[in-house]
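Chemist: Have a look at this one before I ask anything.
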Amino acid sequence: MKRTTMIVLATIAALSMTACDGLDKILQTNVFESFAAVSAKEIENATPDELIVLSGSDSFYEELAGTENEAAKEAVLVKIEAALVDPKTPPETKQELAVLAANVELQTTPAGELITNLAKSLEELSTGGEPEMGELIGSILPAELLGSDDKLDPAKEDDFIAMINALDAADAYYQTLGAQIGTDGYAAGADISAGDVAQSALVAAMVGAIAPPPSVSTGDYLYTLLTDPNATPTEYTMPATDSGYLFNILAAANMADMFGDTTTP
């Protein structure tokens, strides 16, 4: 794809930006499965260890989603972040909490559905050449963000921006996770699906690598690129997969050797 399209679609066209057989193996799983309900009171009173258990419920994320629940979501993230820097927190728990924090960002916005849609559209993206912008947007973006014409609904601007910013925030937690596990992989006892984490971390890294103008969020920047034909994109460099935090996460899923040079336009 052309460089401009790569920047605009960094979150939704990761597969078409690399000639890599490993991507289809990453983007095959629905990360977000359904579990039993949990109450808001349980979440509010939970310790970091208990949050890990409670997060197995769909309602855990539902209780934290929406603008009316921003304070509760922030409180959960603050609690997790405190545990992440606490030297008393065991390594396996820190790793699980880093994954949980990323999932809180993803599942309380349409970002989770975006990642799932990427998996469903793998074959089309990888074999169809450079699709028309509006067509690609309509096939990948969550349905709730689309208008009747299957294009990004201007009324959903805030939701789109929140989704992109959530992926950007999730990338920060994956950076923490990748630094924690290093090249040794996950700690013994860490209950983490390495492949699922690699899937989400890869897409989040695509967003985290975007460099918006100063004082502009990544979400606002991408929305402008998608809606303003006169907007000029900044230079974009694909995130490295041969070293650093993303390499560590991919290596933990036995996927690091599947990637070639992702920095080539």
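Chemist: More than 22 Å apart: what percent of Cα pairs in the range 168-255 qualify?
Modeler: For the range 168-255, the fraction of Cα-Cα distances above 22 Å is 34 percent.
Chemist: Of ALA166, ALA198, ILE181, which is farthest along the charge dipole of the range 142-215 in the positive direction, counting Lys and Arg as +1 and Asp and Glu as -1 at C-beta?
Modeler: It is ILE181.
Chemist: Do the alpha carbons of any pairs in LYS41/LYS73; LYS73/LYS151; LYS94/LYS156 sit beyond 23 Å of each other, and which pairs?
Modeler: LYS73/LYS151; LYS94/LYS156
Chemist: Project the alpha carbons of the range 149-205 onto their principal axes and report the range along each, largest first, in whole Å.
Modeler: 48, 18, 16
Read-outs: derived from the displayed coordinates by stated rules, not from any lab. These figures come from a predicted structure and were not determined experimentally. Note that we place each Cβ from the backbone using ideal geometry, even for glycine, and neighbour counts take in every protein chain shown.
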